[in-house]
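A.B. asks: To start, I am sharing the structure in question, which I have written as structure tokens.
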Amino acid sequence: MSSNWRISSFNGALLAAYFIPVWTIIAFSIMVSPIHGLYERPSVSIALYANDYLHLGKMATVRLAWLLALARITVVAFFAVFLAMAAFSPLRKTSSGADEALAVALCLGSVLSFASMMMASKVGEIEALRMHAAELLMLLGTAIVMLFETSPKSVAKAPAVETNAAASELSLQQP
């Protein structure tokens, strides 16, 4: 196994292992039956908020459910792109494309989890609030690690050149 995995890449892979299956199941549940899928535990706070505060009709609620499913699938897609790019070793060594895909997934997922958490607190859904808060903390934790983690720097060859230059100067000064 390669030894050039960074902590944020490893943490992102663990997040992807959670978010890809869980959010895909939630999104497909909403796609199959929009109203029923929207009123299940992972999305109930959004559904109750839409009904209590936005007073949406049936078709508007269905559109909201599909929009939520699309947002979740988008986050899943960016996590999948991150995993594919991180798994391919030459790509991981030369570019930061995997980090960019992870950053987009973290940003979109954090916004969705934060909005869901706020809606859950507004409508009084404690279990949904805990679930969204836990997801948000996982996403923000990885984002903080990515923010403060520096990329490994290659060893500079300049000191070696200076020692050679100093040695050549000494040889010219000696008779």
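A.B. asks: May I ask for the net charge around residue 27, where only other residues with Cβ less than 12 Å from the Cβ of residue 27 are counted and Lys, Arg are +1 while Asp, Glu are -1?
C.D. replies: Taking every Cβ under 12 Å from that of residue 27, the sum is 0.
A.B. asks: First select every other residue whose beta carbon is under 10 angstrom from the beta carbon of residue 82; then total the charges, Lys and Arg +1, Asp and Glu -1. Don't skip to the end; give the middle numbers.
C.D. replies: On the way: positive: none; negative: 99, 100.
Charge balance near residue 82 sits at -2.
A.B. asks: Based on the Cβ-Cβ distance from residue 33 to residue 137, what FRET efficiency comes out when R0 is 41 Å, to the nearest 0.05? Kindly include the intermediate steps, with their values, before the conclusion.
C.D. replies: Details: r = 30 Å, r/R0 = 0.73.
According to the calculation, E is roughly 0.85.
A.B. asks: Tally up the carbon and sulfur contribution to the accessible surface of the stretch 5-132 as a whole percent, 1.4 Å probe, everything protein left in place. Walk me through the numbers on the way to the answer.
C.D. replies: Numbers: 4740 of 6540 Å².
Percent of accessible area from carbon and sulfur atoms in the stretch 5-132: 72.
A.B. asks: Through the Karplus equation 6.51 cos²θ - 1.76 cosθ + 1.60, θ set to phi - 60°, convert the phi angles of the stretch 22-33 into ³J(HN,Hα) values in whole Hz; use x for Gly and Pro.
C.D. replies: Using θ = phi - 60°, the values come out as 5, 6, 5, 4, 5, 5, 5, 4, 5, 5, 5, 9 Hz.
A.B. asks: Rounded to the nearest 10 Å², what accessible area does residue 22 have for a 1.4 Å probe in the complete protein model?
C.D. replies: The value for residue 22 is about 50 Å².
The values are calculated or read from the model by the stated rules, or taken from the named source; none is laboratory data. Bear in mind that the values here come from a model prediction, so they are computed numbers and not experimental data. Neighbour counts run over all protein chains shown; Cβ positions are idealised from the backbone, glycine included. Ligands, DNA and RNA are stripped out before the accessible areas are found, and what is left, the full protein with its side chains, is counted by its heavy atoms. Shrake-Rupley method; radii C 1.70, N 1.55, O 1.52, S 1.80 Å.
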